[in-house]
Each structure stands twice: as structure tokens, then as C-alpha cells.
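I have placed the structure first, in the form of C-alpha cells, so that the comments after it can refer back to it.
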Amino acid sequence: MSPKDVLTISRRTLLKGAAFGAAAGLAAPAYLRTARAQSGPIKIGFPVPITGPYSTEAQDQVRCAEIAIAMFNEAGGLNGRKAELLVRDDKLNPGEGATRALELIESDKVNFLCGSLSASVQLSVNQVAKQRGVIYNSISQSDSINEAADFSKYTFHEALNPHMTAGAVGRYVFPKFGKRVAFLVADYAYGHEMARGFRTAGKEFGIEEVVEIKHPLGQTDFSTFFPRIQAARPNVLVVCNFGRDQLNTVKQATDFGLKQQMKIAFPVLLFSQRLAGGAGPFEGVFGGANYYWGLEDKFPSAKRLNDAYRAKHNNAVPTDYGALGFAGIYALLEGAKKAGGTDPDAVIAALEALKYDAYKGPEYFRKCDHQAVQSVLVLESKPQAQVKSQYDVFNVVEMQPPEEKFLRSCQQLGHG
Amino acid sequence: MESNTRPAATAKAGPMGGLVAVIARHRVLAALVVLAALPFVTPYEALAVNILIFGLYAMGFNLIFGYAGMLSFGHAALFGLGAYGCGVSIAKFAIPWFLALPIGIAVAGIGSVVIGWFAIRSRGIYFAMITLALSQVVYYSAYQWVSLTGGEDGLRGVNVPAIDVFGLHFDMLDPLVKYYVLYALAAVAIALFSRILHSPYGAVLEAIRENETRALACGYDVARTRWLAFILSGVFSGFAGALYAIHLSVVPIETLNYFNSAEVLMITLLGGMGTFFGAFVGAYVYIMLQDVMTVVTVHWQLVVGILFVVLILFFPRGIWGSLLKWVRA
């Protein structure tokens, strides 16, 4: 319609047209609304940061979550009731995460929520979910979510928390390599919580902190910190950072010859970063993990996940964070099976009583804070000479058993 | 720059022009009618609330950007101060919502008085940079003050499960009820905003934008008028922020991030700077596009980015601004 045509239309026709247009506009997005069925499939909302800096991890979480769903459905579901995954991009933003959680709960009427990869997003999703009485199983590291202020009976935490992870690594490296410890810490919540975990674990070995350096998130040049670290002559350098920062640190530390003088330990040694960085920079570096595909020799459940993943994704193996997507969904569906339905209170009771082996041996949710009590792996990155295949990158040097003594106590967290 | 502070004067003959004139004369009513239908033209209610809130935020931003002609790059601080002011009152001090809301507005108001006082003496890019720098000061203060703001984890626990006014009970966990409660609060702000634009003060503001020297010669205090515009703009942004805290029951630290300042600029440009409806049109298009595209493809940023470029290229006055021009031509 050109502007000239408009001028020849009478006002009445125009108003009619406008009314029609408005009606069409109202009707059009109806297909965008999802059907609001109360029975039917078990719907699980899955907000993860599919785009942004952690997209690699998040997309793997989605792939693994889909495997858990498929496995449940192939086994016949819950008396024939199938499960369905509703993936949303939380954009690594808590506001977006909360909005998506509202959408999933209010509009899609999901039965459960699972997901997220950043502490702040998971806390906001948790806040929205607990207000509305929807069970949320978080798969992102956080210490706060265990604490009484954020916890509710609807809150579950399948992921590790910094206290467990850093504790496991600390208890392995400190007695082995020495008491003089240097800290290089990314200056945000993740770095601080991890460093706190190392310090707590270090107390029992009487570690001596020789230097602490904080760096901003996304630092590219770490070499300026190294002379100070070398001058302090530590036995162990604890580096509390994540993702690309981790890769940059090990690359530059290797070039600088730091490894000749000290051992380097990360709270979390990422499979994806090791693949990206290659064997050289990571050689001899220690770190914790929730999962490594090599566990399949020991645990049938790990083999089950790996095989399903290999079959679907070109013989690739799931990453550590990706596998959490599987475990998170798996636990929820096991709970629903045990409860015989999706009623929140029944599922909560079932989850609290549940002993499950999702992907790496036995796990259970501690009653007071619903933290998944689970094993923590301590990994050492292999030198090139020992690498046998593309994904053969780590040695599992220690497996901290799934015991509550490695968690902060319920009293410490403020639970009654 | 299209402006409709004096709609009657700009209305021209022609069928569309007549309609536009009617709408322009009753613009608050028109805006409220359209916004009342918003939950039914969005995929879900929470998104409609976001559009309402960001529309309100862009409306406030438009006062300083569109009507006063100054590009502020620090409005995230004012939005965020409103959100934290209201959120902290509720979550940490258990203050009821009807007091927390004005506290949020007051905190944002104080913030804009201070930021405005420093920034208002500069022009153009310097004004943008100073507002940006000061908003970053607010960002890092909130980031460090963990005991009050929750720091990087954000503020949780802004619980407003229900609102009772005059014996009426509103269940805020019902998405539609929540929308209309916030809508009613927003309506007051929209009416007030329109009144400000209609006032002699609104006219002076545009006079300064069009010709500062002349306005000065006419005896208007340019610096003070601008400062007041910044403060008013901040108050409206803070009000939007306070509603955001109540809406999501959390306040993410990202509300204070400079990215949030860029978003409101984008919304205003998309809708049409210096137009009354532009803010809401922009918010609708900006938020809806992102929301729908993220579900469709992981490459939503590419698609949305191209669409924005196309919109800015072909609608340089923004969607609403270009529509107005087209109708009045």
C-alpha cells in the first residue's frame, strides 16, 4: 500500500481495517503460546547460556540432557508418560534467566526446572522457582545455593560446589607437594569461593600462604604476575579461574618456566579447555572435576552415558559440565518414577530418599540442603607422550569418595 | 527529529492525519489502551511485563535523549539504583512494597541529582563519557558491597507475593494479575510524563534542544533546565527499575551494567527518539525479536543484529517516528 492509496480510503474503512488488523494481531501469537496441558508429558524446563562465553559447555549440557530424556522415554517413561525437554537460552544473565524461568513455569507449565551455568543465574532461577513451588535442580557450581537464605525445599543442587571441589584438590596437592602456597585468583565470586575452599582444606595441613594475587575476569596477560609468584618461592600455585582465563594462564606459565619450580593446581580442570589448549601447556597440571569420560572402565553408568553420547554425536565424549546436564535430568526423572507422578511434595520426598547412580557411581541428596553428595575427581593432565587418542587427556589420580564430611555442615550453612 | 509535545499543531488534514491527531490528543489514553492488550500479543505474560518496564525506562531515557537532546550513557545506574533501592528495602529490611517503591525512586532520584550535577556541564561525547564513568562507579560500588546488594550473585529475596489495597487482594504470583498491577502503577507514571511534556517546562526543554543560544537569550536557565531534565529522567528510569525488582523478585548486578545503558539507547532509537509512543514501540520490537529468535535459532544474535541494522537504515527516525512522518506526509 503506497501512501497515495491511503489517502483515498475513507476513515470508516480505515477504522474497520484497523480493527481487523488488531484482531489478527491478537490472534497471531496464539501459536507461540504452548499448549497448557496438565497431564501428558513430564515437562522439564532447561535454561542454559546457549550463547555467550560458556556456550560450548551449555550446548553440551543440552546434548547430555537430551540423552537423559531419551533414555527415560525409551524405557517406557513413567507408566507410559513421556518426558520432554524445553531448552531456553538464559544468555548468562540473571534477569533473562528469571524471565525464562517465569515463562517456563507460568506459560509452559513445566513440572521441573533444571539447568544454568553461572552462580547468579542459578540463584535467580531458584528464587523464581521456589516462590512458585517448582522443583529446581541446579547444575552450576555455587556455595550460596546450599545456604539457608537461598535454600527452599524445592531447591536441589546436582553440581559440585566450590567447597567440595577446591577441598578435594587441596587435600591432594598440599600434602604431596608442599606447604608453601601461592594464590592467583580471578576477582569475582567463583574465584573467591574457590580460594576459600582451598584455604579451608589447607588449614588441616598447616599451609603457608606466600602470596595472593587477584586478577580481573578476562585478563589476557598473566606474565606480569609471574615474577612476584616466583620470588615468593611456593611449592604449589593455586589458580582460581575458569574458561579462557585458565587456558591463558597455563600457556603463559608454561612459556615462563613456572612448572619447573612449582606445581600448578586449578579447582576445576576443564575438559573443553584442555582440548582447546593441547597437551603441552596443560602437562602436569592438577585440577578437580565432577566427571571424566575415562571413568567408564570403572563405572557402568559412565559407560552407559558415553556410549549413548558416542552413538549420537560422532564418537565424541561428553564433557564434565555437559555430563551434569545428564545427571540433573536423570535425578529428577528418577525421583518422579519413585514418586509415581509429578506432585512436587511426593517428588521431593522421593528425591530425599533416593540413592542413584547417574553417571559416576553412587550419589544422594543430603537432607538439609539437597546438595548431591558425590565423588570428586582429581585429575592430572597427561603429557603428549602418554596421550593415546584424541580424548585421552587426563589421569584420574584421586577420587574423593561421596561423603558428607567433605561438605560444609548443615549448621555452618544455617540449617536449623 | 519528530516531536509531539504540541500534537494539535502538528496534526494535518487527511484521513490518517485525523486519526493521528485524535490519538495524539489523547495520547495517555491511547498508550494505556494499547498497553492493556499487551499480555495478549506476547508469547507469555512475564515478557509483557518486561516490555512494559523497559518501555517505561526508555520513556524516562527519552526525556534526556530525545527531548533534551543529550546522549546519556549512564542510565543503567539510575535504573539499577531504583531496582536496588526498592529491592534492598524489601529483601533486607522487610519494608512493605508501597514504601519500598518510593524509596527506590528516591534512591534513583538522589543518584541522578549527583550524576547530573557532575555531568550536566559537559556536552556531546563528553556528557556520554562522564555519565558512563559515573554509572560504572555505581556498578562497582554495588559489586563490592556484597552484604547489602548480594554482589555478583545479585540480590535475591525481593518477595512481594501479594498486594492488598483498599480491601482488594492481588495475588502477584498470578502472571496476569501481576501485569495489571504493575500496569496500573506504570499508568500513573505515563500520565505524569505526558503532563511534564505538556507543561511550559517541556516547551523550554525543546527550545533549548533546538537552539540553546536563543533560549539563553530569552532568559531561560539552560543549565538548570537540563539538570532538572536529567533528574526527572532518572526518576522515571528508577521507577522502572523498582518495578523490575518487584517483577523478577531478584535484582541482577547486570541492571547496573553499561550494557543496560546501551539497551535503552537501542530501544529508544528503534522506537523513535523524541516521540511519546516510541519508547514502548521500541521496547516491544526489541524484546519480542530477541525472545522469539532465541527459541528459533542459536544464531539469534546474527539475525537480530541484521534486523536492527535494516531497521535503523530504513527507519532512521525509528519505527514510530517514521510511521508518524509517513502518515503526516
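The values are calculated or read from the model by the stated rules, or taken from the named source; none is laboratory data. Just so you know, these numbers come straight off a predicted model, no measurement behind them. Note: ideal-geometry Cβ built from the backbone for every residue, glycine included; neighbour counts use all protein chains shown.
B:THR149 meets all of the listed conditions (1) within 14 Å of chain A (Cβ to nearest Cβ); (2) hydroxyl-bearing (Ser, Thr, Tyr); (3) out of contact with any Leu (no Cβ under 8 Å at 6 or more places or on another chain) but one, namely (3). Candidates in region A:49-100 are the residues that are acidic (Asp, Glu) and within 10 Å of chain B (Cβ to nearest Cβ); of these, the one that is surrounded by the most Cβ atoms within 10 Å (Cβ to Cβ) is A:ASP90. Only one of the numbered conditions (1) of a type in the set (Ser, Thr, Tyr); (2) within 30 Å of A:VAL239 (Cβ to Cβ); (3) out of contact with any strand residue (DSSP E or B) (no Cβ under 6 Å at 6 or more places or on another chain) is not met by A:TYR292, and that is (3).
Condition first: assigned to a helix (DSSP H, G or I) and surrounded by 19 or more Cβ atoms within 10 Å (Cβ to Cβ). Can you find one or more residues in region B:212-220 that meet it? Spell out the reasoning first.
Taking region B:212-220 and keeping what is assigned to a helix (DSSP H, G or I), we get B:212-217.
Okay, now just the ones that are also surrounded by 19 or more Cβ atoms within 10 Å (Cβ to Cβ), so B:215.
For region B:212-220, residues assigned to a helix (DSSP H, G or I) and surrounded by 19 or more Cβ atoms within 10 Å (Cβ to Cβ): present.
With respect to A:VAL181, is the statement that it is touching a Pro at 6+ places or on another chain (Cβ under 6 Å) and either over 24 Å from A:TYR54 (Cβ atoms) or outside any helix (DSSP H, G or I) (or both) true? When the stated conditions are applied, A:VAL181 passes them. Give region A:119-170 a look and list any residue that's of a type in the set (A, V, I, L, M, F, W, C) and part of a loop (DSSP other than H, G, I, E, B), or say none. Hits for region A:119-170 are A:VAL134, A:ILE139, A:ALA148, A:ALA149, A:PHE151, A:ALA159, A:LEU160.
Any chance you could count how many residues in region A:187-224 are among the aromatic types (Phe, Trp, Tyr) and either outside the structural domain of A:LYS263 (by TED's automatic domain parsing) or buried (at least 22 other Cβ atoms within 10 Å of the Cβ) (or both)?
3
Results for (1) in contact with a helix residue (DSSP H, G or I) (Cβ under 6 Å, 6 or more places away or on another chain); (2) loosely packed, with under 13 Cβ neighbours inside 10 Å; (3) not β-branched (Val, Ile, Thr), shown as yes or no for each residue.
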position: B:LYS92; (1), (2), (3): no, no, yes
position: B:ILE95; (1), (2), (3): yes, no, no
position: B:ILE105; (1), (2), (3): yes, no, no
position: B:GLY111; (1), (2), (3): yes, no, yes
position: B:ILE120; (1), (2), (3): yes, no, no
position: B:ILE125; (1), (2), (3): no, yes, no
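The combined condition, being in a helix (DSSP H, G or I), modelled with pLDDT of 90 or more and either of a type outside the set (S, T, N, Q) or surrounded by fewer than 19 Cβ atoms within 10 Å (Cβ to Cβ) (or both), is fulfilled by B:PHE230. Here B:PHE259 meets each of (1) at pLDDT 90 or above; (2) farther than 27 Å from B:GLU152 by Cα with one exception, condition (2).
For A:GLY206, state whether it is within 23 Å of the chain's Cα centre (by Cα), of a type in the set (Gly, Ala, Ser) and not in a strand (DSSP E or B). No; evaluated as a whole, the condition is false for this residue.
Residue-by-condition table, conditions (1) farther than 28 Å from A:ASN126 by Cα; (2) among the acidic types (Asp, Glu):
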| residue | (1), (2) |
| --- | --- |
| B:ALA133 | yes, no |
| B:TYR140 | no, no |
| B:ASP164 | no, yes |
| B:LEU173 | no, no |
| B:TYR180 | no, no |
| B:TYR183 | no, no |
| B:TRP227 | yes, no |
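In region A:57-67, is there at least one residue being touching a residue at least 24 places away in the same chain (Cβ under 8 Å) and more than 25 Å from A:VAL268 (Cβ to Cβ)? No: region A:57-67 contains no residue that is touching a residue at least 24 places away in the same chain (Cβ under 8 Å) and more than 25 Å from A:VAL268 (Cβ to Cβ).
Out of A:GLU380, A:GLU363, I need the residue that is in contact with a Phe, Trp or Tyr (Cβ under 6 Å, 6 or more places away or on another chain), at pLDDT 90 or above and under 18 Å from A:GLU296 (Cβ atoms). Which one? Write out each step before concluding.
Working: A:GLU380 fails: under 18 Å from A:GLU296 (Cβ atoms).
Being in contact with a Phe, Trp or Tyr (Cβ under 6 Å, 6 or more places away or on another chain), at pLDDT 90 or above and under 18 Å from A:GLU296 (Cβ atoms) holds for just one of A:GLU380, A:GLU363, which is A:GLU363.
Taking region A:345-379 as the range and being over 16 Å from the mean Cα position of the chain (by Cα) and assigned to a strand (DSSP E or B) as the test, the residues that pass are A:LYS355, A:TYR356, A:GLU363, A:TYR364, A:PHE365, A:VAL378, A:LEU379.
Filtering region A:101-138 to residues that are charged (D, E, K, R), over 22 Å from A:GLN59 (Cα atoms) and within 7 Å of another protein chain (Cβ to nearest Cβ) leaves A:GLU106, A:ARG132.
Number of residues in region B:3-35 that are modelled with pLDDT of 75 or more and more than 14 Å from chain A (Cβ to nearest Cβ): the value is 8.
Here is a yes/no grid of residues against (1) assigned to a helix (DSSP H, G or I); (2) away from chain A (no Cβ under 14 Å); (3) in contact with a Lys or Arg (Cβ under 7 Å, 6 or more places away or on another chain):
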{"residue": "B:MET129", "(1), (2), (3)": "yes, yes, no"}
{"residue": "B:GLN136", "(1), (2), (3)": "yes, no, no"}
{"residue": "B:TYR140", "(1), (2), (3)": "yes, no, no"}
{"residue": "B:PHE170", "(1), (2), (3)": "no, yes, no"}
{"residue": "B:VAL177", "(1), (2), (3)": "yes, no, no"}
{"residue": "B:LEU182", "(1), (2), (3)": "yes, no, no"}
{"residue": "B:LEU185", "(1), (2), (3)": "yes, yes, no"}
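Within region B:290-329, the set of residues being in contact with a Leu (Cβ under 9 Å, 6 or more places away or on another chain) and within 13 Å of chain A (Cβ to nearest Cβ) comprises B:ASP291, B:VAL292, B:MET293, B:VAL295, B:TRP300, B:VAL303, B:VAL304, B:VAL327. Yes or no: A:GLY335 under 25 Å from A:GLN131 (Cβ atoms) and under 22 Å from the mean Cα position of the chain (by Cα)? So A:GLY335 fits the description; yes. Could you check region B:67-104 and list, in sequence order, the residues that are under 16 Å from the mean Cα position of the chain (by Cα), of a type in the set (Gly, Ala, Ser) and part of a helix (DSSP H, G or I)? Of everything in region B:67-104, those that are under 16 Å from the mean Cα position of the chain (by Cα), of a type in the set (Gly, Ala, Ser) and part of a helix (DSSP H, G or I) turn out to be B:ALA76, B:ALA77, B:GLY80, B:GLY82, B:ALA83, B:GLY104. The set of residues in region B:18-55 that are surrounded by fewer than 16 Cβ atoms within 10 Å (Cβ to Cβ) and either free of Cβ contacts under 8 Å to residues at least 40 places away in the same chain or within 24 Å of A:LEU104 (Cβ to Cβ) (or both) comprises B:GLY18, B:VAL22, B:ARG25, B:HIS26, B:LEU29, B:VAL33, B:ALA37, B:PHE40.
How many residues are free of Cβ contacts under 8 Å to residues at least 40 places away in the same chain and either assigned to a helix (DSSP H, G or I) or outside the structural domain of A:ILE69 (by TED's automatic domain parsing) (or both) if we restrict to region A:305-334? Step through it out loud before you land on a result.
Quick first cut of region A:305-334, residues free of Cβ contacts under 8 Å to residues at least 40 places away in the same chain only: A:306-307, A:310-311, A:314-315, A:334.
Now drop any that are not either assigned to a helix (DSSP H, G or I) or outside the structural domain of A:ILE69 (by TED's automatic domain parsing) (or both), which leaves A:306-307, A:310-311, A:334.
Residues that pass the stated criteria total 5.
Of the residues A:TYR291, A:TYR321, A:TYR330, A:TYR309, the single one that is of a type in the set (Phe, Trp, Tyr) and closer than 22 Å to A:PHE151 by Cα is A:TYR330. Pull up region A:139-153, narrow it to residues that are away from chain B (no Cβ under 11 Å) and among the aliphatic types (A, V, I, L, M), then point me to the one that is nearest to B:ALA162 (Cα to Cα). Top of the filtered list is A:ALA148.
Which residues, taken from region B:308-329, are under 22 Å from the mean Cα position of the chain (by Cα), in a helix (DSSP H, G or I) and surrounded by 16 or more Cβ atoms within 10 Å (Cβ to Cβ)? B:PHE308, B:LEU311, B:GLY318, B:ILE319, B:TRP320, B:GLY321, B:SER322, B:LEU323, B:LEU324 - these are the residues of region B:308-329 that are under 22 Å from the mean Cα position of the chain (by Cα), in a helix (DSSP H, G or I) and surrounded by 16 or more Cβ atoms within 10 Å (Cβ to Cβ).
Going by the conditions given, is A:ASP369 surrounded by fewer than 20 Cβ atoms within 10 Å (Cβ to Cβ) and over 30 Å from A:ASN235 (Cα atoms)? Before the answer, list the steps.
Working: surrounded by fewer than 20 Cβ atoms within 10 Å (Cβ to Cβ): no; over 30 Å from A:ASN235 (Cα atoms): yes.
Here the answer is no, as A:ASP369 does not meet what is asked.
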